[in-house]
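Everything on this sheet refers to the single structure shown next.
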Amino acid sequence: MSLFSFSSILGFIFSASLGVFTLLRSKNRRVGIFFSLFCFSAATWSFGSYKFSTTQAKAEILFWLQIAYVGAILSPVFYYHLTLSLLNLRKKYSSFITYMPGSIFLIWLFLKRDSFLGNFRFVFNQFYWHDWFADKSILYLIFFIYSWWFLMGYPFCYVLKEFKSAAGFRRNQLKYFIFGSLIG
């Protein structure tokens, strides 16, 4: 088992466990529910990564990469809503700007898999990886920038802004959220 496979299975175990624990303990609170959904999407991503890094058949690799990308598409969407819920912010059209593009990316992933995932190359003598530079798909670049710069960066700036003015327990809570976000 490669280091990537081992870290992927650990990521799955910890993310799924934390998601279940939070869901059982949150008692229908919005923050707990969105945190659990975020954990489950990270677990899906990790499990798909584990499976595609341990298989050799190209058809199986494509299938497990699709599963991993389901988690990769949903993680920023749930992080966005988790952050807004944590800060008690209500943004007009927030569901539309997160779930609509996320749904489009998921549909595109399953209907046009080859244009979304592109070519693969064997890296580190361990597994096949999506090679964006071979295809240079503009749509994949839009997905990447939208998901990782907008859906993750935009709400994170709100957290930093509130952290500056927070005090006591709230400041400590936001400090751990910032620390966890940076690690993640």
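The values are calculated or read from the model by the stated rules, or taken from the named source; none is laboratory data. Since the structure is predicted, the reported quantities are computational estimates derived from the model, not experimental observations. Virtual Cβ from ideal backbone geometry, glycine too; neighbours counted across all protein chains shown. For accessibility, only protein heavy atoms count, side chains too; no ligands or nucleic acids. Shrake-Rupley method; radii C 1.70, N 1.55, O 1.52, S 1.80 Å.
Worth a mention:
- Residue within region 56-64 that is buried (at least 18 other Cβ atoms within 10 Å of the Cβ) and free of Cβ contacts under 8 Å to residues at least 40 places away in the same chain present: yes
- None of Phe21, Phe34 is over 25 Å from Phe163 (Cα atoms), part of a helix (DSSP H, G or I) and open to solvent by 20 Å² or more (accessible area, probe 1.4 Å) except Phe21.
- Of residues in region 150-167 being farther than 14 Å from Thr98 by Cβ and without any contact (Cβ under 8 Å) to a residue 40 or more places away in the chain, the one most open to solvent (accessible area, probe 1.4 Å): Lys164
- Selection from region 81-119 of residues that are of a type in the set (Gly, Ala, Ser) and touching a Pro at 6+ places or on another chain (Cβ under 9 Å): Gly102
- Filtering region 37-59 to residues that are assigned to a helix (DSSP H, G or I) and more than 17 Å from Phe78 (Cβ to Cβ) leaves Ser49, Tyr50, Lys51, Phe52, Ser53, Thr54, Lys58, Ala59.
- Phe144, sole failed condition from (1) in contact (Cβ under 8 Å) with a residue 40 or more places away in the chain; (2) open to solvent by 80 Å² or more (accessible area, probe 1.4 Å): (1)
- Counting the residues of region 1-18 that are over 24 Å from His81 (Cα atoms) and open to solvent by less than 70 Å² (accessible area, probe 1.4 Å) gives 7.
- Test result for Ala68, over 22 Å from Ser85 (Cβ atoms), open to solvent by less than 30 Å² (accessible area, probe 1.4 Å) and either in a helix (DSSP H, G or I) or without any contact (Cβ under 8 Å) to a residue 40 or more places away in the chain (or both): yes
- The numbered conditions (1) open to solvent by 20 Å² or more (accessible area, probe 1.4 Å); (2) without any contact (Cβ under 8 Å) to a residue 60 or more places away in the chain; (3) in contact with a Lys or Arg (Cβ under 8 Å, 6 or more places away or on another chain) are all true for Ser85 except (1).
- Some residue of region 45-53 being more than 30 Å from Ser95 (Cβ to Cβ) and among the basic types (Lys, Arg): yes
- Qualifying residues in region 91-125 (those that are touching a residue at least 12 places away in the same chain (Cβ under 8 Å) and open to solvent by 70 Å² or more (accessible area, probe 1.4 Å)) - the one farthest from Thr54 (Cα to Cα): Tyr99
- Qualifying residue in region 109-119 (condition: at pLDDT 80 or above and touching a helix residue (DSSP H, G or I) at 6+ places or on another chain (Cβ under 9 Å)): yes
- The one condition in (1) out of contact with any Lys or Arg (no Cβ under 8 Å at 6 or more places or on another chain); (2) in a helix (DSSP H, G or I); (3) not charged (D, E, K, R) that Leu62 fails to fulfil: (1)
- Hits in region 168-184 - residues which are open to solvent by 80 Å² or more (accessible area, probe 1.4 Å) and β-branched (Val, Ile, Thr): Ile183
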